[in-house]
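**Q** Supplied in structure tokens, the structure appears directly below.
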Amino acid sequence: MSDTPAGSVQEESFISHLVELRDRLLRSLIAVGVMMGILCLYPGPGEIYDILASPLTTALPEGTKMVAIGVITPFMVPLKVTAMVAFVLALPFILYQAWSFIAPGLYAHEKRLGIPIIVSSTLLFVAGMAFCYFFVFGQVFHFISSFAPKSITPAPDIEAYLSFVMTMFLAFGLTFEVPVALVVLVKMGVVSVEKLKEWRSYFIVGAFVVAAVVTPPDVVSQLALAIPMCLLYEVGILAARLVSRPVPVESDAAVDLAKAAKSNNEMTTADEEFRKLSGK
């Protein structure tokens, strides 16, 4: 009989968490929908796709335009781009909803670490996308178009271009998350700063391997991904050194003294109890 109320309380608590999660997911979806509606009204899906495609169109020969092979491609692809931009713009609100759902179950020191990590990871991911759009795309497309034979006219498909852009945005966005990953690993005690310094050479080799696999087969894009990754690794080591608290020399002695004091108190209490029993 005594287990039934406890079980019902746990079930009600679990259901309340599910209800809260549903509400916050709905709020996030509504935020994305509102942003997408605003973007569809102004500047419009077509204008947004033109802005996204401007690094490629400026590299194409004069008078050349992109093509749409599919029947509904001219309608669906700009809508996909608009949805992506709406999600990025609504990302702060989405992260706030996620944080509000997780924060009550965290300790104070986890809350102090969580907010800077969420903010910095968001800013770094957006910075990686911006670096890819404003610098990498212009260099890569001009480099690739310079190798095109005179006998052909390059006319990329808009859907293939969107797939390429999404892959590159994801690659550079995750690359810029390297400092956050290192700080989290050091803060959790998985790895030390000294180990990160020892693994520097292995990381450099791995960065160039990842760049060769993820990016197009040209030197410019590979260097544009590998070099920032190596630099951000150094930034991550510096940030991890700042957030990792050095252990004081006297901490071990303090712990030993605390244990000895606790042991003495326990012995004193036991002695008093024994005397009381002996007196009776």
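**Q** If you take the beta carbon distance between residue 98 and residue 135 as r and set R0 to 25 Å, what does 1/(1 + (r/R0)^6) give as a FRET efficiency, to the nearest 0.05? Kindly include the intermediate steps, with their values, before the conclusion.
**A** On the way: r = 31 Å, r/R0 = 1.22.
After rounding to 0.05, the efficiency reads 0.25.
**Q** Positive end of the dipole of region 123-207, charges at C-beta (+1 Lys, Arg; -1 Asp, Glu), about the Cα centre: which of 133, 143, 203 has its Cα farthest in that direction?
**A** Towards the positive end, the residue furthest out is 203.
**Q** Across every pair of different alpha-carbon atoms, what Kirkwood hydrodynamic radius in Å does region 91-186 reach? Don't skip to the answer; put the middle values down first.
**A** On the way: mean 1/r = 0.0618 Å⁻¹.
It is 16.2 Å.
**Q** Subtract the Cα-Cα distance of residue 10 and residue 71 from 0.36 nm times their separation in residues, and report this length gain in nm to one decimal. Spell out each step's value before the answer.
**A** On the way: separation 61, 0.36 × 61 = 21.96 nm, distance 5.34 nm.
Difference between extended and current length: 16.6 nm.
**Q** Now for a separate question. Kindly list the residues of region 120-143 that lie in the label zone of residue 213, defined by a backbone N under 19 Å from the point 7 Å along the Cα-to-C-beta vector.
**A** Counting backbone N atoms under 19 Å from the label point, the list is empty.
**Q** If I model a spin label as a point 7 Å beyond the Cα along the Cα-Cβ vector, how far apart are those points for residue 51 and residue 21 in nm?
**A** Each label point lies 7 Å from its Cα, and together they span 3.5 nm.
**Q** Also, I was wondering about something else. Ratio to report: Rg/Rh of region 121-251, with Cα atoms as the point set and Rh obtained by the Kirkwood method; give two decimals.
**A** Numbers: Rg = 18.5 Å, Rh = 16.5 Å.
Here the Rg-to-Rh quotient is 1.12.
**Q** Of the trypsin sites (Lys or Arg not before Pro) in region 106-154, which ones lie in a loop per DSSP and count no more than 12 other C-beta atoms within 10 Å?
**A** Working: sites: 111, 112, 150; in loops: 150.
Hits after loop and neighbour filter: 150.
**Q** OK, next. Could you list the chymotrypsin sites (Phe, Trp or Tyr not before Pro) in region 79-126 that lie in coil according to DSSP, counting only those with at most 16 other Cβ atoms within 10 Å of their Cβ?
**A** Working: sites: 87, 93, 96, 99, 101, 107, 125; in loops: 107.
Loop-located and lightly packed - 107.
**Q** Now for a separate question. Are there any GluC sites (Glu not before Pro) in region 16-67 that are in a DSSP loop and have at most 14 other Cβ atoms within 10 Å? List them by number.
**A** Values: sites: 20, 47, 62; in loops: 62.
The qualifying sites are 62.
Taken together, the values in this text are just the output of simple stated rules run on the coordinates, not laboratory data. Nothing here was measured: the structure is a model prediction, and the numbers come from that model. Reconstructed Cβ throughout: ideal geometry from the backbone, glycine too, with neighbour counts over all protein chains shown.
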